[in-house]
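Read through the structure below, which is laid out as structure tokens, and then see the notes.
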Amino acid sequence: MKISVLTLFPEMFDSLKHSILKRAIENKALQIEFYNIRDYSKDPHKKCDDYSFGGGEGMVMMPQPVYDALEAADPGHKARRVYLSPKGHRLNQSLAKDLSRLSHLVLLCGHYEGLDQRIIDHYIDQEISIGDYVLTGGELAAQVVIDCIARLLPGVLGNEESAMFESFENNMLEYPHYTRPREFMGHSVPEVLLSGNHQKIKKWREAQSRLLTKKLRPDLLKE
């Protein structure tokens, strides 16, 4: 899978050099390329923002540099173009799975007060939000999306079944996990996990998953 990131600050993506994302890139399961939007500005000073028509606080990203960067990353508009925006569809596991099936994804990171609406209306396929709050830019949101997608790609996780039993699969939170030692500060691991009876363990985990979901995220059960 190829992900093209359009950003004013490509240096913010150092997190991709570590852990599972690093392995995904090294194993060729994931290809990430960066387009610095400033490189496409026709302004002598590489300016990418201007005042908003009609007045108002803050600056707005200009359409020209963004359009040219989009065309460089995705000639002919064959990829899914996503703008990271607080107004977008909220990212969830189902959406992450949908994105992970694409061969090419373009992520556009906004800044300032946002992006000229003409780019969104005519050259973007989808707006995605990672939550109901506002960030200083789309770079952190893009990294969340990339991380979410990468672990779903074939060959990225050490155990392919890991992604099948995680939180938000089937609208349920994941069951609790325990490891050594069997006793810690007077607290013991549940006996059923030490029984070796895999059928009982499976039933216990399913019950715990439902209890946790009911307690912490009852909205998921309604869905």
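Within region 18-99, list the trypsin sites (Lys or Arg not before Pro) lying in a DSSP loop whose Cβ has at most 15 other Cβ atoms in a 10 Å radius. Filter output for region 18-99: Lys28, Lys42, Lys46, Lys47, Lys78.
Helix 139-150 and the longest principal axis of the Cα set of the chain meet at an angle near 50°.
Given N residues in region 2-150, what is Rg(Cα) / (2.2 N^0.38 Å)? Before the final figure, lay out each step's value.
Numbers: Rg = 14.9 Å, N = 149, 2.2 N^0.38 = 14.7 Å.
In units of the globular-protein estimate, region 2-150 measures up at 1.01.
State, as an integer percentage, the relative contact order of the chain based on alpha-carbon contacts under 8 Å between residues 6 or more apart.
It rounds to 20 percent for the chain.
Note on Lys28 and Lys222: their simple-model spin labels are 4.8 nm apart, each label 7 Å out from Cα toward Cβ. My understanding is that a pair violates if its Cα-Cα distance is over 25 Å; which of Lys28/Lys97; Lys28/Lys78; Lys47/Lys97; Lys202/Lys222 do that in this structure? Lys47/Lys97, as the Cα separations exceed 25 Å there.
Counting other Cβ atoms within 10 Å, keep those with at most 10, restrict to DSSP loop, and tell me which GluC sites (Glu not before Pro) in region 71-175 are left. Could you put the intermediate results ahead of the total?
Details: sites: Glu71, Glu113, Glu127, Glu139, Glu160, Glu161, Glu166, Glu169, Glu174; in loops: Glu113, Glu160, Glu161, Glu166, Glu174.
Qualifying residues, ordered by number: Glu160, Glu161.
For the residue pairs Lys87/Lys203; Lys2/Lys46; Lys87/Lys214, alpha carbon separations beyond 31 Å are given by Lys87/Lys203. Within the chain, the longest segment free of exposed loop sites, counting chymotrypsin sites (Phe, Trp or Tyr not before Pro) that fall outside DSSP classes H, G, I, E and B and have at most 15 other Cβ atoms within 10 Å, spans 54-132.
Against the chain, whose longest principal axis comes from its Cα atoms, helix 63-73 is set at around 60 degrees.
Every read-out reported here was derived from the displayed coordinates using simple, explicitly stated rules and does not represent laboratory data. This structure is a prediction, so every number in the text was calculated from the model and none was measured. As a convention, Cβ positions derive from the backbone with ideal geometry for all residues, glycine included, and neighbour counts pool all protein chains shown.
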